[in-house]
1. If I10 satisfies every condition in (1) over 17 Å from R104 (Cα atoms); (2) surrounded by 14 or more Cβ atoms within 10 Å (Cβ to Cβ) but one, which is the exception?
2. How many residues are touching a residue at least 24 places away in the same chain (Cβ under 8 Å) and either in contact with an Asp or Glu (Cβ under 8 Å, 6 or more places away or on another chain) or of a type in the set (D, E) (or both) when one looks only at the range 97-111?
3. Between A33, A17, A41, which is of a type outside the set (S, T, N, Q), surrounded by 10 or more Cβ atoms within 10 Å (Cβ to Cβ) and modelled with pLDDT of 90 or more?
4. Name every residue in the range 62-91 that is free of Cβ contacts under 8 Å to residues at least 60 places away in the same chain, in a loop (DSSP other than H, G, I, E, B), exposed (fewer than 14 other Cβ atoms within 10 Å of the Cβ) and not polar (S, T, N, Q), in order of residue number.
5. Just to verify a result, which residue in the range 1-59, among those that are in a loop (DSSP other than H, G, I, E, B) and of a type in the set (S, T, Y), is nearest to the chain's Cα centre (by Cα)?
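The values are calculated or read from the model by the stated rules, or taken from the named source; none is laboratory data. Given the structure is predicted, the values throughout are model-derived calculations rather than measurements. All Cβ positions, glycine included, derive from the backbone under ideal geometry; neighbour counts span all protein chains shown.
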Amino acid sequence: MRNPEAPARIRDTDDPAVLANAVKELLRYLTIAQDMIVRVALEDLTIGGQLVRAGDTLVTNLSAGNRDSTFLTGPDRFDIGRGARGHLAFGYGVHQRLGQSLARAEPEIALPALLRRLPELRLAVPAEELRFRHEMATYGVHELPVAW
């Protein structure tokens with residue numbers, strides 16, 4: 001809602017690729033899983049020039065990975081046209097979330113339907129007044145006052 005061109009583009013398209021890219025970018029930009037992901041190295045490896053030995057614990061942050069400038073250009077900019085392929089919102093490799101297809105399909109269906117039904121949908125308060133849930137493992141807002 002802070003980027004008025006994004007809801008308009010989602011509302012006005014029937015192109016599944018545009019909707020898929022918009023949802024990928026939302027998932028990348030607003031990575032929901034905020035908790036630190038803990039893994040154990042199964043073999044010796046080097047990450048960023050640092051040796052990690054088999055058995056060492058690795059603590060990662062998915063949202064930081066989704067904002068990595070080596071992953072994409074302008075990672076702090078929200079752009080539904082970018083097609084954020086490879087984002088980490090659902091994990092990576094064998095640790096990807098099983099329900100990710102359903103989790104992507106829901107907003108791909110719901111967002112255009114909502115925006116077509118309520119084309120004047122907007123925040124009812126200034127964006128700066130939104131209170132985000134940083135203290136929880138799942139990112140989001142405490143409440144989202146809207147008007148239409």
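1. Against the list (1) over 17 Å from R104 (Cα atoms); (2) surrounded by 14 or more Cβ atoms within 10 Å (Cβ to Cβ), I10 comes up short only on (1).
2. Of the residues in the range 97-111, 1 are touching a residue at least 24 places away in the same chain (Cβ under 8 Å) and either in contact with an Asp or Glu (Cβ under 8 Å, 6 or more places away or on another chain) or of a type in the set (D, E) (or both).
3. Values: A33 fails: modelled with pLDDT of 90 or more; A17 fails: surrounded by 10 or more Cβ atoms within 10 Å (Cβ to Cβ).
Exactly one residue qualifies, and that residue is A41.
4. D68, G74, D76, R77, G86
5. Of the residues in the range 1-59, the ones in a loop (DSSP other than H, G, I, E, B) are 1-4, 12-15, 30-32, 34-36, 41-44, 48-49, 53-56.
Remaining after also requiring of a type in the set (S, T, Y): 13, 31.
On the way: T13: 21, T31: 4 Å.
Checking each candidate, the answer is T31.
Okay, residues lined up against (1) closer than 18 Å to L30 by Cβ; (2) at pLDDT 95 or above:
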{"residue": "R67", "(1), (2)": "yes, no"}
{"residue": "L72", "(1), (2)": "yes, no"}
{"residue": "D76", "(1), (2)": "yes, no"}
{"residue": "G83", "(1), (2)": "yes, no"}
{"residue": "A89", "(1), (2)": "yes, no"}
{"residue": "G99", "(1), (2)": "yes, no"}
{"residue": "L115", "(1), (2)": "yes, yes"}
{"residue": "L118", "(1), (2)": "no, yes"}
{"residue": "L123", "(1), (2)": "yes, no"}
